Amino acid sequence: MTVISDWTAEKARNFGRDVLTFEHDLHSRPLFDDDGLADLLDRYPRERLGVFTMGHDPAEWRTWRRGTAGALPGKVLLEMAREGRIWLNLRAVNDHLPEYAALAGEVFAEKEAMAPRLRTLKRDLGVLISSPNAQVFYHLDVPMVSLWQIRGVKTVWAYPVAEPFVGAEALEAIVLRETAEQFAFDPAWDDGGTRVQLTPGRMLTWPQNAPHRIENGPMLNVSLSMEFMTPEALMRANVIYANGLLRRRLGARPSVQPGFTPVGLGKVALARAAKALKLQTANERILPVTFNLETEVPGLTRRAA
């Protein structure tokens with residue numbers, strides 16, 4: 001019995017290279033019913049829980065705000081997500097709860113068995129619990145990502161890793177942690193992106209560093225975000241890191257070398273040395289906490305009991 005029911009030779013070959021959708025069975029598991037989610041919210045380390053809200057215009061990414069959940073019970077947080085306008089992000093649940101560690105092991109073992117030459121590293125299984133009509137603004141991730149829809153409906157737009165969607169300097173700034181992962185978006189870019197509607201039992205994956213944005217349908221949404229690296233993906237991240245240093249310190253105009261080339265391996269060595277020597281000081285934008293769900297629930301029409 002496999003988690004994904006529609007593996008094909010072509011999908012296996014292009015996994016991580018193209019925008020691809022798959023059918024899965026994770027939405028049928030009791031981990032993700034109301035009781036399971038409330039239990040998850042109670043047991044997950046509260047200090048690691050990401051609590052966010054946002055505006056309605058997909059171009060106004062600076063309306064993304066960070067909050068805190070205080071000591072509210074999981075059942076109450078779930079009700080607030082159902083009725084408010086919040087996005088709860090539980091990163092690396094597999095590092096904290098054994099049943100999610102087992103789930104991550106199951107999924108990644110299947111990926112490696114089905115996709116040729118795929119070896120996954122730095123595995124992060126996150127759970128996303130979000131409100132009706134909530135959104136995640138245009139952004140990109142350094143690792144590779146697959147997004148698994150469990151409950152509700154969301155629309156995802158994925159865009160090419162190229163101008164005008166993302167330039168080399170913008171990508172380097174994110175890898176160097178000079179800026180946040182979110183950045184300016186032009187709605188005209190939708191014409192060049194791939195639009196996918198995710199319903200329970202569908203999974204979406206895209207190429208490493210592909211910009212994307214997400215809009216929920218008018219219902220509670222639950223998704224799994226599985227981030228991971230491969231040797232090739234780590235190589236690419238280090239090459240981009242080195243390119244950023246070369247551009248900033250030497251005025252170079254470097255390019256990204258795909259694969260394990262001599263030039264690319266040299267850049268990996270440079271990136272690792274720079275990190276060890278702390279030559280690059282990160283100036284990553286850390287959002288301040290601006291609301292507490294114990295006293296303010298954005299978008300809530302009535303207080304959860």
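Give segment 135-151 a look and list any residue that's in a loop (DSSP other than H, G, I, E, B) and buried (at least 22 other Cβ atoms within 10 Å of the Cβ), or say none. Don't jump to the end; show me each part of the working.
First pass over segment 135-151, keeping only residues in a loop (DSSP other than H, G, I, E, B): 140-143.
Listed by number, the list holds a single entry, Leu140.
Residues to consider are Ala71, Ala38, Ala115; find the one that is aliphatic (A, V, I, L, M) and in contact with a Gly (Cβ under 7 Å, 6 or more places away or on another chain).
Every option except Ala38 fails the conditions.
Taking the condition assigned by TED's automatic domain parsing to the domain that holds Asn14, buried (at least 22 other Cβ atoms within 10 Å of the Cβ), within 15 Å of Glu227 (Cβ to Cβ) and free of Cβ contacts under 8 Å to residues at least 60 places away in the same chain, does Val93 pass?
yes
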**Message:** Just to be sure I understand the filter: pairs with C-beta atoms under 9 Å, separated by 6 or more residues or on different chains, first member in segment 97-118 and part of a helix (DSSP H, G or I), second member of a type in the set (Asp, Glu). Which pairs pass?
**Reply:** Ala101/Asp95; Ala104/Asp124
**Message:** What's the total number of residues in segment 201-235 that are within 21 Å of Ala162 (Cβ to Cβ), part of a strand (DSSP E or B) and in contact with a Leu (Cβ under 9 Å, 6 or more places away or on another chain)?
**Reply:** 4
**Prompt:** Counting only residues that are assigned to a helix (DSSP H, G or I) and of a type in the set (Asp, Glu), how many does segment 163-183 have?
**Reply:** 2
**Prompt:** Before we move on, is Val3 in contact with a strand residue (DSSP E or B) (Cβ under 9 Å, 6 or more places away or on another chain) and closer than 22 Å to Val107 by Cα?
**Reply:** yes
**Prompt:** Out of all the residues in segment 239-269, which are surrounded by 20 or more Cβ atoms within 10 Å (Cβ to Cβ) and either in the same structural domain as Val127 (by TED's automatic domain parsing) or among the basic types (Lys, Arg) (or both)?
**Reply:** Lys267
**Message:** Out of everything in segment 93-147 that is over 20 Å from Thr21 (Cα atoms) and among the acidic types (Asp, Glu), what residue ends up being nearest to the chain's Cα centre (by Cα)?
**Reply:** Asp95
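The values are calculated or read from the model by the stated rules, or taken from the named source; none is laboratory data. Note that this is a predicted model, so its numbers are computed, not measured. Note that each Cβ is placed from the backbone with ideal geometry, even for glycine, and that neighbours are counted across all protein chains shown.
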